[in-house]
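The values are calculated or read from the model by the stated rules, or taken from the named source; none is laboratory data. The structure presented is a predicted model; accordingly, all values stated were derived computationally and were not measured. All Cβ positions, glycine included, derive from the backbone under ideal geometry; neighbour counts span all protein chains shown. Ligands, DNA and RNA are stripped out before the accessible areas are found, and what is left, the full protein with its side chains, is counted by its heavy atoms. Shrake-Rupley method; radii C 1.70, N 1.55, O 1.52, S 1.80 Å.
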Amino acid sequence: MRIIAGIHKGRLIHAPRGDMTRPTTDRIRESIFNKLIHAPWGVRLDGLRVIDLFAGSGALGLEAISRGAAFALFVDTDAAAHDAIRSNVDTLQLSNYTRLYRRSAISLGPKSEKIGAPFDLVFLDPPYGKALGDRVFSKLIEDAWVKNNAVAVLEEHKSVEVTAEGWELLDTLEVGDTAVHFFKRVD
């Protein structure tokens, strides 16, 4: 895998060893960021705070930083994922712009003041077919993890119905058996 664009364009990043994660392919990652930046509802990445849930390799958060995001928090429970993210952060020399949590994305609890302001952009890439995205969406709002106008990107199997209570569906991108849903938080 590699960073697609920005200041780290072309730099290699590594996925966790083993079969516990399913890294977002370069092709899908490029499509996600093209949609995020160029859609009518798109966002400017410059200065955004990003939370990458079920982070795996951290590719989505790292790509966002490469393209101008100010900070990324990576959340994953898997030890191999933590090792891969830490290695990728070190290789790209981004330790001042990142933080890594080893905890479950579905039970983050209330956001600590130590983490800083709520997040502008959320990436969710949970294990397919378990409908974990809906569980996380409500917690992000309830526990003050996201700003009122935050944008969220959920990668899921296309057969899974997503309701995302408290979020408005902006767009969906389908690639093979994968559906990438784009949402905006609504009051």
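Considering the stretch 137-162, and only residues there that are open to solvent by 10 Å² or more (accessible area, probe 1.4 Å), part of a loop (DSSP other than H, G, I, E, B) and not hydroxyl-bearing (Ser, Thr, Tyr), the residue that is nearest to residue 105 (Cα to Cα) turns out to be 143. Of all residues in the stretch 163-187, those that are open to solvent by less than 40 Å² (accessible area, probe 1.4 Å) and farther than 27 Å from residue 117 by Cα total 4. No other residue among 70, 39 is surrounded by fewer than 17 Cβ atoms within 10 Å (Cβ to Cβ), among the small types (Gly, Ala, Ser), at pLDDT 95 or above and more than 16 Å from the chain's Cα centre (by Cα) apart from 39.
Residues are listed down the side, and each one gets a yes or a no for (1) out of contact with any strand residue (DSSP E or B) (no Cβ under 8 Å at 6 or more places or on another chain); (2) surrounded by 21 or more Cβ atoms within 10 Å (Cβ to Cβ); (3) among the small types (Gly, Ala, Ser); (4) closer than 21 Å to residue 171 by Cβ:
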{"position": "7", "(1), (2), (3), (4)": "yes, no, no, no"}
{"position": "12", "(1), (2), (3), (4)": "no, no, no, no"}
{"position": "15", "(1), (2), (3), (4)": "yes, no, yes, no"}
{"position": "29", "(1), (2), (3), (4)": "yes, yes, no, yes"}
{"position": "35", "(1), (2), (3), (4)": "no, no, no, yes"}
{"position": "48", "(1), (2), (3), (4)": "no, yes, no, yes"}
{"position": "57", "(1), (2), (3), (4)": "yes, yes, yes, no"}
{"position": "62", "(1), (2), (3), (4)": "no, yes, no, no"}
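Please find, among 136, 175, the residue that is more than 16 Å from the chain's Cα centre (by Cα) and closer than 27 Å to residue 41 by Cα. From the options 136, 175, the qualifying one is 175. Screening 109, 176, 116 for residues that are within 22 Å of residue 25 (Cα to Cα) and among the small types (Gly, Ala, Ser) leaves exactly one candidate, 176. With the structure loaded, tell me whether residue 77 is at pLDDT below 95 and closer than 20 Å to residue 15 by Cβ or whether it fails that test. For residue 77, the condition - at pLDDT below 95 and closer than 20 Å to residue 15 by Cβ - is met.
Within the stretch 120-136, how many residues turn out to be part of a loop (DSSP other than H, G, I, E, B) and under 21 Å from residue 35 (Cβ atoms)? Residues in the stretch 120-136 being part of a loop (DSSP other than H, G, I, E, B) and under 21 Å from residue 35 (Cβ atoms): 3 in total. When you go through (1) touching a Leu at 6+ places or on another chain (Cβ under 8 Å); (2) farther than 21 Å from residue 136 by Cα; (3) among the aliphatic types (A, V, I, L, M) one by one for residue 106, which number turns out not to apply? Of everything listed in (1) touching a Leu at 6+ places or on another chain (Cβ under 8 Å); (2) farther than 21 Å from residue 136 by Cα; (3) among the aliphatic types (A, V, I, L, M), residue 106 misses just condition (2).
The set of residues from the stretch 85-99 being surrounded by 15 or more Cβ atoms within 10 Å (Cβ to Cβ), among the polar types (S, T, N, Q) and part of a helix (DSSP H, G or I) comprises 87, 88.
From the list 2, 29, 86, 11, the lone residue that is in contact (Cβ under 8 Å) with a residue 60 or more places away in the chain and charged (D, E, K, R) is 11.
Find the residue count for the stretch 112-131, including only residues that are open to solvent by 40 Å² or more (accessible area, probe 1.4 Å), within 19 Å of residue 141 (Cβ to Cβ) and modelled with pLDDT under 95. Residues in the stretch 112-131 being open to solvent by 40 Å² or more (accessible area, probe 1.4 Å), within 19 Å of residue 141 (Cβ to Cβ) and modelled with pLDDT under 95: 3 in total.
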